[in-house]
Amino acid sequence: MKVAFVYDRVNKWGGAERVLLALHKIFPDAPLYTSVYHPEKAEWARVFDVRTSFVQKFPFAKSFHELYATSMPLAFESFSFDGYDLVISVTSEAAKGIITRPGTLHICYCLTPTRYLWSGYGEYFKNPILRFISAPFVWYLRAWDKIASQRPDRIIAISKEVQKRIKKYYGRDSEIIYPPVMINSYSASVSQPVTSNVKRQAIREAKTSTQDDRLYFLIVSRLVPYKKIDLAVSVFNKLDLPLKIIGKGSEESRLKAMAKSNVEFLGNLTDSDLVKYYKGCRALIFPGIEDFGLSILEAQSFGKPVIAYRQGGALESVVPGKTGILFAPQTSGALEKAVKKFLKMSSKGGSASGGKFDPRDCVMNAQKFSLTEFKRKLEEAITNN
């Protein structure tokens with residue numbers, strides 16, 4: 001088949017970008033269509049033949065695509081996919097709105113219905129003045145978004161949480177194919193099952209670090225408001241426990257200003273460096289509501305438990321009491337109680353492995369979300385259409 005990918009914008013790094021790299025492994029010759037491309041901020045995309053829309057030529061569009069939100073519908077409608085047998089759109093915004101001919105199969109891998117228009121509208125438009133000024137644009141984009149959601153031949157959701165939103169906002173049924181864990185050198189960067197020797201190595205390292213009181217807790221996330229990283233910073237300020245934060249975003253300056261010396265910001269890292277921090281942490285902290293949350297499984301693939309808010313994708317990727325702790329409500333007080341509970345549960349003598357959280361449970365849970373499984377289910381979706 002002749003295959004093409006479509007993605008909203010190529011100017012950042014996160015879980016969605018890992019999905020695109022997984023798709024590239026399956027269809028290495030497929031070009032990537034997008035609204036804007038910032039090569040310096042998206043070095044991961046160098047493996048693709050990236051093809052941009054007319055928005056790429058607009059002033060500051062590569063870094064500030066938000067300025068041209070109302071141009072995105074036309075940007076994606078202007079692409080031609082004549083001659084392609086299969087187009088896979090990976091999207092949380094406008095990429096699903098491409099127009100294809102009847103002979104082309106369009107599968108939408110939906111990360112979430114457009115967040116700022118639907119589930120996250122209240123958070124994005126808290127300011128009454130901004131809400132009033134933006135009302136006509138939001139009305140237009142919502143109307144187009146609903147039309148665009150009917151164009152894919154098939155919609156695949158990344159989680160049960162997203163599946164519910166697709167039904168609620170778009171009125172469409174969808175199936176679930178979980179994103180693959182792509183970072184772990186033990187299991188995710190290759191399609192073969194983990195060998196027993198490599199698995200034992202991961203578990204030995206995890207046992208050692210989970211029980212070491214001197215080691216740090218870890219956050220791997222974009223630093224944007226809905227991720228609620230400020231909850232973790234305030235809790236770790238209070239508990240005076242070491243916390244390392246990997247990622248960048250609009251909240252970075254504010255978070256750094258409120259953090260004490262025990263909280264360290266590391267920015268964006270290469271995968272090889274990120275692996276080292278996963279291996280060395282005691283647990284991953286995940287305070288936000290995420291559509292899926294790949295970092296939750298990346299941590300588990302190294303045998304590390306997770307402390308996550310009890311909503312969204314965490315409900316599908318964390319086994320409470322075995323591979324982590326889920327807390328609620330989404331407050332600093334609840335997170336603080338969860339961290340203290342983790343410290344108590346993971347203290348020496350809690351289980352045969354030296355602590356309540358057995359690294360083997362974490363590793364085995366993460367293996368359910370392999371590249372092999374992702375590929376198998378995607379191929380089924382394509383052939384059974």
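Place +1 on the Cβ of every Lys and Arg and -1 on the Cβ of every Asp and Glu in the chain, take the dipole about the Cα centre, and give the residue among ALA232, TYR68, ILE155 whose Cα lies farthest towards its positive end.
Projecting each Cα onto the dipole axis, the largest value belongs to ALA232.
Go through PHE54, TYR116, TYR84 and say which Cα lies farthest out towards the positive end of the charge dipole of region 1-128; charges sit on Cβ, +1 for Lys and Arg, -1 for Asp and Glu.
Projecting each Cα onto the dipole axis, the largest value belongs to TYR116.
To the nearest 20 debye, what is the magnitude of the charge dipole of region 1-154 about its Cα centre, counting +1 on the Cβ of each Lys and Arg and -1 on the Cβ of each Asp and Glu?
240
Report the relative contact order of the chain, percent, no decimals, based on alpha-carbon pairs under 8 angstrom and at least 6 residues apart. If you can, show how the numbers build up before the last one.
Details: 741 pairs, mean separation 50.4, N = 385.
Computed value for the chain: 13 percent relative contact order.
About the Cα centre of the chain, how large is the charge dipole given +1 on each Lys and Arg Cβ and -1 on each Asp and Glu Cβ? Please answer in debye to the nearest 20.
Here the chain has a charge dipole of around 1020 debye.
Going by how many other Cβ atoms sit within 10 Å of their own, how do HIS106, HIS38 line up, fewest first?
Ascending number of Cβ neighbours within 10 Å: HIS38, HIS106.
Report the relative contact order of region 1-142, percent, no decimals, based on alpha-carbon pairs under 8 angstrom and at least 6 residues apart.
Dividing the mean separation by the residue count of region 1-142 yields 23 percent.
Multiplying the sequence separation of ILE133 and LYS368 by 0.36 nm and subtracting their Cα-Cα distance, what value in nm do you get?
80.0 nm
Cross-link list LYS244/LYS344; LYS344/LYS368; LYS164/LYS377: which exceed 25 angstrom alpha carbon to alpha carbon?
LYS344/LYS368
Given 0.36 nm per residue, what is the gain on full extension from ASP273 to ILE382 after removing their alpha carbon distance, in nm? Write out the running numbers ahead of the final one.
Working: separation 109, 0.36 × 109 = 39.24 nm, distance 3.56 nm.
Computed gain between ASP273 and ILE382 is 35.7 nm.
So if each residue of separation counts as 0.36 nm, and I subtract the Cα-Cα distance between ASP49 and SER261, what length gain in nm does that give? The partial results should precede the final answer.
Values: separation 212, 0.36 × 212 = 76.32 nm, distance 4.32 nm.
So the extension gain works out to 72.0 nm.
Work from the charge dipole of the chain (Cβ charges, +1 for Lys and Arg, -1 for Asp and Glu, about the Cα centre) and give the residue of PRO128, TYR170, ALA308 farthest towards its positive end.
Positive-most Cα among the choices belongs to ALA308.
What are the GluC sites (Glu not before Pro) within region 6-52 that DSSP puts in a loop, where the Cβ has at most 15 other Cβ atoms within 10 Å?
GLU40
Can you bin region 302-385 into rounded, prolate or oblate? Criterion: square roots of the alpha carbon gyration tensor eigenvalues sorted a ≥ b ≥ c, rounded for a/c under 1.5, prolate for a/b above b/c, oblate for the rest.
The shape class here is oblate.
Quickly work out the ASP29-to-LYS238 label distance, labels modelled 7 Å from Cα along the C-beta direction, and quote it in nm with one decimal.
Roughly 5.8 nm, to one decimal.
Any read-out appearing in this document is the output of simple, stated calculations on the displayed coordinates, not a laboratory observation. None of the values given here were measured: they were computed from a predicted structure. Here the Cβ is made from the backbone with ideal geometry for all residues, glycine too, and neighbour counts use every protein chain on show.
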